[in-house]
1. Before rounding to the nearest 500, sum -39500 (n - 2.57) across all DSSP H runs of length at least 4 in the protein assembly as shown and divide by the residue total; then give [θ] at 222 nm in deg cm²/dmol.
2. Let me know the shape class of the protein assembly as shown, please: from the alpha-carbon gyration tensor, a ≥ b ≥ c as square roots of the eigenvalues, rounded when a/c is under 1.5, otherwise prolate if a/b is greater than b/c, or oblate.
3. Would you mind putting B:195-206, B:48-59 in packing order, based on average other-beta-carbon counts within 10 Å, highest first?
4. Taking every pair of distinct Cα atoms and averaging 1/r, then inverting, what Kirkwood hydrodynamic radius in Å comes out for segment B:93-140?
5. Return, for the Cα atoms of segment A:248-380, the radius of gyration and Dmax in Å, separated by a comma.
6. Based on the inverse mean of 1/r over its pairs of different Cα atoms, what is the Kirkwood hydrodynamic radius of segment A:348-422, in Å?
7. Run the numbers on segment A:348-422 and let me know its relative contact order in percent, using alpha-carbon pairs under 8 Å that are six or more apart.
8. Calculated FRET efficiency, residue B:11 and residue A:81, Cβ-Cβ r, R0 45 Å, to nearest 0.05?
């Protein structure tokens, strides 16, 4: 599918990856990807969340070893044993959340593990001088003796870039480097990249925001579901074409939403604010309705769910659940009022991995089952079975440890656990993350059925087809605010991405 | 960070002055030469063992077996000197320290390579090493008349070179040895890549791995250093007390060592602190120790007081770290 229009190379190919495949356990995240990074060129790797961009970046940076495919540096095949090996070969990976050591000085953060020495001891004076030199080359002034704690993300990224320069890196891979930067900081970074480009560095740039991509990058490759769907020069494309590449996908495996039977408002959120994560969030979800909350990573969607559930305190605003007002509430109060939260990170927050299915399945109603502080196992197992049967969890028996189940079935146990509390509002955070395609459809079916049975569902998802297929309404968040609302009939992938990434409609339709 | 450390060191010095002042005001006998000697001779053991523990705690680990390492190494050294006096004090000391390194390597191997949590691994070896101390000694103690005079002299005499200098000439070898160990530790932690790797690992373990620091080796070596410190302290113990009893030597010493390190400004959350603060805190604990005994507060209180001071220091560190993160605008 690679565009035939890719014009002659702008520089020598420094790093090339050919036919790279990667899987984590049973989940294939990259299939047969080939990219080339050329001297003096910024090559954007684009795609939705979960498309495989960061995995590819980590492979290029030596963090992961691909299961198939080859890397070549200046035409010679190489294997990378780790990030240090990559760095030694001149490939530096700059992370979204920079890898800095808060209690060490700026200078040491640049040179950690390879400080200049004199007569066997670290030469602190030379290290500080060199640090200043490399920071100056980036046009940055920082107190190199001061500890890094307290510096902004942008400054810490400059420290990583300086570290890369000090290694004389030929290849720089910027993994979502701009995601947490302010517009002013992005401008500064972009100037730094121009400078590095002029020096002949080959740069891979992973990002989301169209505006940035089109101002910074020379070449654009788009990934979707682990496949490369296209590559083009910036000058030969436009935002609209790129968006189409990013989202255009078959939707045949998705469920029928059917006509929703809407009831009264079950969840009413008014002016909810928790600075600096989100501000003035107002939304309502009716019984039987599925509302999708779309947006980029870091837009504040998960924070909103956490605040509704009472996990985080808010500065101001009101949450009401079927008439019950929740103010300064904790999760126990929220559960009492009828709210259930299925968290994003199953491994960390959703399940107790070594425990059995029934222990996990009855967890949410443990306090209710307890008599004199003790829980009768038999009742707990019966209750858990209600949940697992209703959602058709595939398992050997309920004594099985939950970690032996597939991601999809684990998620069903988690949802089933909450159903036992008879919730009226179900908050879902990335309900199908890390779940393979077939099982996704199962989870989708469950969500639709729950809505049909009268539950109000508020779903955060970065999977656009999922949002489009399930949601009766889609709210889009950007920078901690709801920036657009789409009704089901008006919602399009392009529209949502444009709203989420801040591209103007004019750009999208240009 | 320098300012912060300086502040910690300053408060330690003030605490030492305060305790000495209060003790002198209440009981003039405190200032006698005999008392000062008594402090000086206990502090070196603590300081030498604490230097290795410092590296371990900076990496976010802990070694609770250090008292048993001291015990087994000290006991072995004493037995060797009793049964094979031809080894000489130096030879036996090297064996004692080498044994400490080996015991530390066992801890480090389990923690760095087998990924056993530090508290579990070293709690296990705390028991094992103590048991071995009984086994090698047959449960019998070594008495001072069985040990060579040279060994005792480490705690009695100073270098011949300084014998003419007033006051200084009364400072025995063990103090000079401990000072040397502390200076080397400070230089090692400040001026070698290994030392800096220890701080990096403790400050941000994930970043350390991704920045290519040999995380397993750095962890392993921290426990080896801790073993060396414990082994060396065991040799000094034999010199200091003369009588080496398998159930007495180093028993409960881990609490004192860990207290010294944490009070000295090494955060149990890793990444900060260093030799100067720990050295001062060893001195502080020594002063407290002597003050308690001069003020006729029963020995039985000592453990409880160490434990209390340790908890106060950890809570203070935690609060301090939180406020530092808050100021830096990080998640608390």
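1. -15500 deg cm²/dmol
2. prolate
3. Top of the packing list down: B:48-59, B:195-206.
4. 11.5
5. In order Rg, Dmax, the Cα atoms of segment A:248-380 give 17.6, 57 Å.
6. 12.0
7. 46
8. The computed FRET efficiency comes out at 0.45.
Read the figures in this text as sums done on the coordinates, not as results from a lab. Here the structure is a predicted model, which means the values were calculated and not measured. When we count neighbours, we look across all protein chains shown, and the Cβ atoms used for this are built from the backbone with ideal geometry, even at glycine.
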